Amino acid sequence: MTLTTQIANQHFKSCLMNAAGVHCQTREELNEILDSQAATFVTKTATSQARKGNPEPRYVGNLHGSINSMGLPNLGIDYYLDYLSELDRSDLFLSVTGLSKEEIYQVLHKVQDASFNGLIELNLSCPNVVGKPQTAYDFELMHEILIEVFSFVNKPLGVKLPPYFDLVHFDQVAAILNQFPLSFVNSVNSIGNGLWIQDQTVAIKPKQGFGGIGGAAIKATALANVHAFYQRLNDSIAIIGTGGVASGRDAFEHILCGASMVQVGTALMEEGPQIFERLNQELKAEMTSYGYQKIEDYRGKLQYMEG
Ligand code: RRO
């Protein structure tokens, strides 16, 4: 029995890791993920300069779901590149973005020129920056950004996408993504601009309470996005499944839908890095009950009903 998996020629001892934004802002938090039974880590999404993010409270959650409007708090791209160059490992993920396309290019030029030799996750789907739309909902802009990015980045790079809800949108997005040598696509980021109400008041302060929804509440949407892209993307583009994973069974379903790696956000926030021990054990038990020995025995083999 093994949970090993592969993305962009990198081998991982497990298929479970953190989702960007959760337990990954400081080197101390990232070290704790490395010390856990997670396969690897992805950093908090880094911008060109450090950011404090939105006013608090900006996250509320439990095991049923979460709402956040963190506003991209991070220590700046130089901090993460320094830390990653000390680690000098090719199996770590660095998440990056910018508040404009020019900033995205600036950050990625730095990453391309740095000694970093891991995987880049380009976040095109942050829902929480005041006045900034989610890039990946503007298909023309996303296309333009990817043309420029792949003109100078030759390190393994994938994109973090927001959830889509219409089958035509999956067709349109996949037609764009298939034009590029992407190493992976990560579906999904939080569902943007939900509202969570406690008593008579919004649960978080920024943006009059509007924020990204995560956790169990979004699992069905996440599974649909993973499978829709699995059906449409070139085989060379791996899929990372994110959304609503709090048990081994949840991870099993993401893999059945086509995910090669599964990320954990809300449940990691609630339980801490020891969650990976439980999830690895539960996923192995789920696989044993179906007679599967490895991820590739069932990845993408979701069954449909006849007729
Ligand atoms: O920092 C955030 O507010 C945030 C980001 Br960058 C993201 O990509 N997804 C999210 O739910 N929150």
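The values are calculated or read from the model by the stated rules, or taken from the named source; none is laboratory data. Bear in mind the structure is a predicted one, so any value in this text is a computation, not a measurement. No Cβ is skipped: glycine too gets one built from the backbone with ideal geometry, and neighbour counts run over all protein chains shown.
Residue by residue, here is whether (1) in a loop (DSSP other than H, G, I, E, B); (2) crowded, with 19+ Cβ neighbours inside 10 Å; (3) in contact (Cβ under 8 Å) with a residue 24 or more places away in the chain holds:
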site: 155; (1), (2), (3): yes, no, yes
site: 172; (1), (2), (3): no, no, yes
site: 180; (1), (2), (3): yes, no, yes
site: 208; (1), (2), (3): no, no, no
site: 220; (1), (2), (3): no, no, yes
site: 225; (1), (2), (3): no, yes, yes
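Taking the criterion of being free of Cβ contacts under 8 Å to residues at least 24 places away in the same chain and buried (at least 18 other Cβ atoms within 10 Å of the Cβ), the only residue of segment 182-206 that qualifies is 202. Listed by first and then second residue, the pairs with beta-carbon distance under 9 Å, at least 6 apart or on different chains, first residue in segment 245-273 and within 19 Å of residue 303 (Cβ to Cβ), second among the polar types (S, T, N, Q) and in a loop (DSSP other than H, G, I, E, B), are 256/303. When residue 88 is tested against (1) under 26 Å from residue 244 (Cα atoms); (2) away from the ligand (no atom under 14 Å from the Cβ), exactly one condition is not met: (1). Against the test of being under 16 Å from the mean Cα position of the chain (by Cα) and within 15 Å of the ligand (Cβ to nearest atom), the options 194, 241, 215, 209 yield a single qualifying residue, 215. Across segment 35-69, the qualifying residues are those that are closer than 21 Å to residue 276 by Cβ, touching a Phe, Trp or Tyr at 6+ places or on another chain (Cβ under 9 Å) and in a loop (DSSP other than H, G, I, E, B), and the one among them that is farthest from the ligand (Cβ to nearest atom) is 37. Looking at segment 44-53, is at least one residue closer than 27 Å to residue 15 by Cα, at pLDDT 95 or above and surrounded by fewer than 18 Cβ atoms within 10 Å (Cβ to Cβ)? There is no residue in segment 44-53 that is closer than 27 Å to residue 15 by Cα, at pLDDT 95 or above and surrounded by fewer than 18 Cβ atoms within 10 Å (Cβ to Cβ).
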